[in-house]
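The values are calculated or read from the model by the stated rules, or taken from the named source; none is laboratory data. None of the values given here were measured: they were computed from a predicted structure. Virtual Cβ from ideal backbone geometry, glycine too; neighbours counted across all protein chains shown.
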Amino acid sequence: MTVLRRGLGEMRFLVSRRWIGFGVFVLVLAAVCVQLGSWQFDKLSARQDRNALVEKHLAVDPVPLDTVVPAGEELVPEQEWTVVTATGRYDLERQVTLKYVSRDGRPGVDVLTPLVLDDGTALVVDRGFVETTRSSEAPTDLPVPADGTVEVTGWLRVDSGATGEAIRVNDTQVRAISSRGLAEYVPYELRSGYVNLQEQSVGAGVLEREPRPELGPGTHFAYGLQWWFFGLLALVGFVWFARAERQERRRAAAAATGDDRPSVLEASR
């Protein structure tokens, strides 16, 4: 009992202002690390759900656009990656490019061309990637699609969540793809979302198609464990520094009394 009281007495420094502040800091840091780790695991769960959705839709044969997103209706996230077909004529006068795109380290743009359908509405078609010297400037030598009626097949995608100037056309370029933003640029109604072109009936062209989405787990699991490890490390560090402080105080007390023999607790280690 005496040894226990002595041990507790030696730890009284933990109630000092300095150590209370240090302890609060460590607890806050550990809590933040736990939250960040949980956030990464939530992102992992969302990625797994997205991967399952992609695999489900890409395994099904193409369906007509009208069966998924009729004119006037909004495309919902659960319909994204559905493989659809649509028939119409490209409107090159309203063609724009998505700037600041890179593929395998190469700068370039994605070419966005409205496909005017038989009912007078249009679908934004991302025809693919073309390498450019500087993607911040509108290119002038883009490959021209086939003239006349064409049937396209591709992945249906939801609009970007960007707003404002990012989705408005400026010098025939945009920074994010959105049928809402492009609606101000064209004289006809646009279908919700857009299509990543994969095949077309005539004039396939030389643009690089959008590659299949990456379906791996990503780095979220590793980052989640890493954040939780940092939180645990903060708590362990507090204990280590407290133990070091206690040993330093013991040595100082022993030196003051002229007794440099190890204490009972130290000798028992």
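Which members of the range 54-92 meet the condition of being among the small types (Gly, Ala, Ser) and crowded, with 17+ Cβ neighbours inside 10 Å?
Initially, the range 54-92 is screened for residues among the small types (Gly, Ala, Ser), giving 59, 71-72, 86, 88.
ALA86, GLY88, listed by residue number.
Collect the residues in the range 214-233 that are surrounded by 14 or more Cβ atoms within 10 Å (Cβ to Cβ) and either in a loop (DSSP other than H, G, I, E, B) or among the basic types (Lys, Arg) (or both), keeping them in residue-number order.
Matches in the range 214-233: LEU215, GLY218.
In the range 72-82, is there at least one residue being of a type in the set (S, T, N, Q), closer than 13 Å to TYR194 by Cβ and assigned to a loop (DSSP other than H, G, I, E, B)?
Step one: list which residues in the range 72-82 are of a type in the set (S, T, N, Q), which gives 79, 82.
After this cut, where a residue has to be closer than 13 Å to TYR194 by Cβ as well, the list is 79, 82.
Pick out the ones that are also assigned to a loop (DSSP other than H, G, I, E, B) and you get 82.
Within the range 72-82 (the criterion being of a type in the set (S, T, N, Q), closer than 13 Å to TYR194 by Cβ and assigned to a loop (DSSP other than H, G, I, E, B)), the answer is yes, since at least one residue qualifies.
How many of the residues in the range 93-114 are surrounded by 19 or more Cβ atoms within 10 Å (Cβ to Cβ) and in contact (Cβ under 8 Å) with a residue 60 or more places away in the chain?
The initial filter retains those residues of the range 93-114 that are surrounded by 19 or more Cβ atoms within 10 Å (Cβ to Cβ), namely 94, 96-99, 108-114.
Now restrict to residues that are in contact (Cβ under 8 Å) with a residue 60 or more places away in the chain: 94, 96-99, 109-112, 114.
Of the residues in the range 93-114, 10 are surrounded by 19 or more Cβ atoms within 10 Å (Cβ to Cβ) and in contact (Cβ under 8 Å) with a residue 60 or more places away in the chain.
Taking the stated definitions as given, is ARG47 more than 22 Å from SER201 (Cα to Cα) and buried (at least 17 other Cβ atoms within 10 Å of the Cβ)?
So ARG47 fits the description; yes.
Can we say ILE177 is free of Cβ contacts under 8 Å to residues at least 40 places away in the same chain, under 25 Å from LEU53 (Cβ atoms) and among the aliphatic types (A, V, I, L, M)? So that I can check it myself, show each step before the final result.
On the way: free of Cβ contacts under 8 Å to residues at least 40 places away in the same chain: no; under 25 Å from LEU53 (Cβ atoms): yes; among the aliphatic types (A, V, I, L, M): yes.
No, not satisfied.
Taking the residues in the range 186-213 that are in a loop (DSSP other than H, G, I, E, B) and hydroxyl-bearing (Ser, Thr, Tyr) as candidates, determine which candidate is farthest from THR87 (Cα to Cα). Reasoning before the result, please.
Start the filter on the range 186-213 by keeping residues that are in a loop (DSSP other than H, G, I, E, B), which leaves 186-189, 201-207, 209-213.
Now narrow it down to the ones that are hydroxyl-bearing (Ser, Thr, Tyr): 188, 201.
Details: TYR188: 16, SER201: 9 Å.
Out of the qualifying residues, it is TYR188.
Among the strands (runs of 3 or more DSSP E) contained in the range 84-143, which hold 3 or more residues that are more than 26 Å from the chain's Cα centre (by Cα) and within 19 Å of SER179 (Cα to Cα)?
Working: elements: 96-103, 106-117, 122-131.
The qualifying strands (runs of 3 or more DSSP E) are 106-117.
Rundown of residues vs (1) under 21 Å from PHE129 (Cβ atoms); (2) out of contact with any Ser or Thr (no Cβ under 9 Å at 6 or more places or on another chain), yes/no style:
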| position | (1), (2) |
| --- | --- |
| GLY154 | yes, no |
| ASP171 | yes, yes |
| PHE221 | no, yes |
| VAL239 | no, yes |
| GLU245 | no, yes |
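How many residues does the range 131-164 contain that are in contact with a Pro (Cβ under 9 Å, 6 or more places away or on another chain), modelled with pLDDT of 90 or more and not hydroxyl-bearing (Ser, Thr, Tyr)?
So the answer is 3.
Does GLY181 meet the test of being surrounded by 14 or more Cβ atoms within 10 Å (Cβ to Cβ) and assigned to a helix (DSSP H, G or I)? Lay out the reasoning, then the answer.
Details: surrounded by 14 or more Cβ atoms within 10 Å (Cβ to Cβ): yes; assigned to a helix (DSSP H, G or I): yes.
Yes: the conditions hold for GLY181.
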